[in-house]
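Here is the structure we will look at.
A short reminder: the numbers here are calculations on the coordinates, not readings from a lab. What you are looking at is a predicted structure, and each value in this text was computed from that prediction instead of being measured. Every residue, glycine as well, gets a Cβ built from its backbone with ideal geometry; the counts of neighbours run over all protein chains shown.
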Amino acid sequence: MNYTESIAWLTEQASFGIKPGLQRIRALLERLGNPERDYKTVHIAGTNGKGSVTALLTEVLRQAGLRVGRYTSPHLTEYTERIAVDGQDISPADFATGMTRVRAAAEEMVQAGMEMPTEFELLTACAFLTYREAGCEYAVIEAGLGGTLDSTNVITPVLSVITNVSLDHQQYMGDTPEEIAAHKAGIIKHGVPVVTAAQGAALRVIREKAAAEEAKLYRWEREFKITKRTTGRLGQILQMERRDLPEAMLFVPFFGIHQAVNAAVAAMAATVLGQQDARIGEDALREGIARAKWPGRFEIVPGEVPVILDGAHNGDGAEALALALQELYPRAKRYYVFTALQDKHVEDMVQELIRPEDTAIIVPAPTERTRAPEEIAALLHGSTETAADVVTGLRRARTLAAADTEESIVIVCGSLYIIGPARAELGL
């Protein structure tokens, strides 16, 4: 298959939806020679921030001179973004080569009477295979959904990370923080250290699981914390304490208190890895955090009217975005281009983000999971319009903001599905 054929075939499999369980991915990987066992892995789960932590930690390992794979989801524009080697998305040709081998193994399974793997399982297998073929020493793996039954949970990592836990994807993981935390804690393996920023009831569940697995636990605001934070035009400077270690000063090229916490989690994760591998030192930690890039997460596109791009796909993400906006643009008028998916608590999202004095242009996300713009608009009390798609909505928001005599900003948010088209429209 070429790249176009690979995507077409993957899209066919996506129509069968999400099917939790590990039996299919295990059988698939076995037919591929279990590539996930040929390098060290770090496993990252959590409700929000796991992609940012993955990006930050990957760059730290690269600055240590290591060849590193990175697996994330979803993509903004192309599937190739999900599988990166040495800081670069794999090429369409390499994606097609890997997916052709994965398809052959999957079709062998079907011929043997087994169920066809899901789209995410096929992508996961392709990523694991790619990292082996590329000679990676480490791979930083972001869990897709939950932890226990996520297809990435076939690895035995050298470190597990759980960024945080809040309500999201309840149809798969439960209706309480404790139930969701139990799924996230499923990535904890016997004797493998764990770093987490989870708090409250969720932390209790994680702590109990770590104790049962004899896994050393490093907790936010206990074993590590931020003692000082200063925000500037290019990012923020943190002073970070780690138990029994010298204080670290870090420049983080991301904005918002939530990204400061993510950077601290990544730094603590790197510290733990450095205790296992002497190549991962303090210089690599500082350089990696400072050089990390992660598009679509409070990404500021400068201009006469700045445009902020942020996924903010659930209530906690919306709250984090609102806090960052208040910190960086306290007096600016806000013009939102907003969407939400059907499985999200959109009421919580708009309550956190969109004030009566704001202007909101509601658009559909380019997926069948989108909510109807009219349904979202009915929840709002200020100036509200709908648009046919994100590009139309973004153009309208920029026109309105440019005509405003006050300081104004445009914010595109609510789902990562609309960030890709928005970045393309902005020439990114």
Subtract the Cα-Cα distance of THR176 and ARG233 from 0.36 nm times their separation in residues, and report this length gain in nm to one decimal. 16.7 nm
Only sites in a loop by DSSP and with at most 15 other Cβ atoms within 10 Å count here; which trypsin sites (Lys or Arg not before Pro) in region 206-263 make the cut? LYS216, ARG222, ARG233, ARG243
Protection proxy ranking, peptides 330-343, 2-15, average beta carbon neighbours within 10 Å, highest first: 330-343, 2-15
Over the chain: helical MRE at 222 nm, DSSP H runs n ≥ 4 each giving -39500 (n - 2.57), nearest 500: -12500 deg cm²/dmol
Cα-based equivalent ellipsoid, region 54-98: semi-axes from gyration tensor eigenvalues, Å: 20, 12, 6
With N residues in region 97-141, what two-decimal value do you get for its Cα radius of gyration over 2.2 N^0.38 Å? 1.24
Could you state the orientation-averaged shadow area of the convex hull built on the Cα atoms of the chain, in nm² to one decimal? 19.7 nm²
Find the Rg to Rh ratio for region 84-164, where Rh is the Kirkwood radius over alpha-carbon pairs and Rg uses the same atoms. 0.98
Pairs to check: LYS184/LYS228; LYS189/LYS216; LYS40/LYS293. Give those whose C-alpha atoms are more than 19 Å from each other in this structure. LYS184/LYS228; LYS40/LYS293
Identify which of THR148, THR97, THR163 has the largest mean-square fluctuation in a Gaussian network model of the chain, with springs joining Cα atoms closer than 10 Å. THR97
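Over region 86-225, what portion of Cα pair distances is larger than 27 Å, expressed as a whole percent? Don't jump to the answer; show the numbers that get you there.
On the way: 3264 of 9730 pairs.
Here the long-distance tail beyond 27 Å is 34 percent of all Cα pairs in region 86-225.
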Using 1/(1 + (r/R0)^6) with R0 = 35 angstrom and r between the beta carbons of GLU107 and ASP389, what's the FRET efficiency to the nearest 0.05? 0.45
Radius of gyration, Dmax [region 79-119; alpha carbons; angstrom]: 12.7, 39
Between ALA14 and ARG355, what length in nm is gained on full extension when 0.36 nm per residue of separation is reduced by their alpha carbon distance? 119.1 nm
To the nearest 20 debye, what charge dipole does the chain have about its Cα centre, counting +1 at the Cβ of each Lys and Arg and -1 at the Cβ of each Asp and Glu? 960 debye
Over the Cα atoms, compute the radius of gyration (one decimal) and Dmax (the largest Cα-Cα distance, rounded to a whole number) for region 1-50, in Å. 14.5, 35
